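Right, one structure below, let's go through it.
The values are calculated or read from the model by the stated rules, or taken from the named source; none is laboratory data. None of the values given here were measured: they were computed from a predicted structure. Here the Cβ is made from the backbone with ideal geometry for all residues, glycine too, and neighbour counts use every protein chain on show.
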Amino acid sequence: MVLDYVRQVLLGTAPEVPDFEIGEIAKIVGTLSNGTTLPNVLRINRALRRAIPSVEFSVDFNPHDFSEIVEELDTSKKPVIPWLLRHEGERTYEHVVVVTGYDPVEQLISVNDPQAAVPSEIEVADFMNQWEGADRILIKLKVDQKIQRLITDWVEEAARGLEVSEVARA
């Protein structure tokens, strides 16, 4: 979901961003029948290390504020992935969704939920209860924040006689 968003919305066409199938992602992050642990989510970064432009998921284990979600959506135009605590009958479990929008008038949050077939909306109050239960952990998307270069770039620069240090300063 998020990588599709990066390719299609943020970057137009980004052919160097991998197009993983859901099963491939599950294998990379070590998803089991009961889900994926939060530290394992970061394993996807290794699989994305050659993406051009750079794509990275960042987790800060400190509690975040709702304003950060709104800022990422409004200012950066990037989705965020909150860690939630869900309750279904007697069962309680941790879960993630991809937040793609916020309607302050209707007090609704638009999400893509891996457990659902279609995008949906959650009332802000319900979302906040679920997010608070999981310590308000947030996974943020970083795009094009690292220099990613192909070997052909290095070869072309070497052919032109540029030193690596000169290229880094340019």
Evaluate region 44-58: report whether one residue or more is part of a loop (DSSP other than H, G, I, E, B), acidic (Asp, Glu) and touching a helix residue (DSSP H, G or I) at 6+ places or on another chain (Cβ under 9 Å). no
When you go through Val99, Val80 one by one, which is the residue that is within 21 Å of Leu3 (Cα to Cα), touching a residue at least 24 places away in the same chain (Cβ under 8 Å) and touching a Pro at 6+ places or on another chain (Cβ under 9 Å)? Val99
Search result, residues across region 79-94 that are buried (at least 18 other Cβ atoms within 10 Å of the Cβ) and touching a Lys or Arg at 6+ places or on another chain (Cβ under 7 Å): Val80
Scope region 17-49; condition in contact (Cβ under 8 Å) with a residue 60 or more places away in the chain and more than 16 Å from the chain's Cα centre (by Cα); matching residues: Gly35
Quick one: is Ile151 loosely packed, with under 11 Cβ neighbours inside 10 Å, closer than 25 Å to Arg43 by Cβ and at pLDDT below 95? yes
Within region 66-120, work out how many residues are part of a strand (DSSP E or B), at pLDDT 95 or above and over 19 Å from Glu132 (Cα atoms). 1
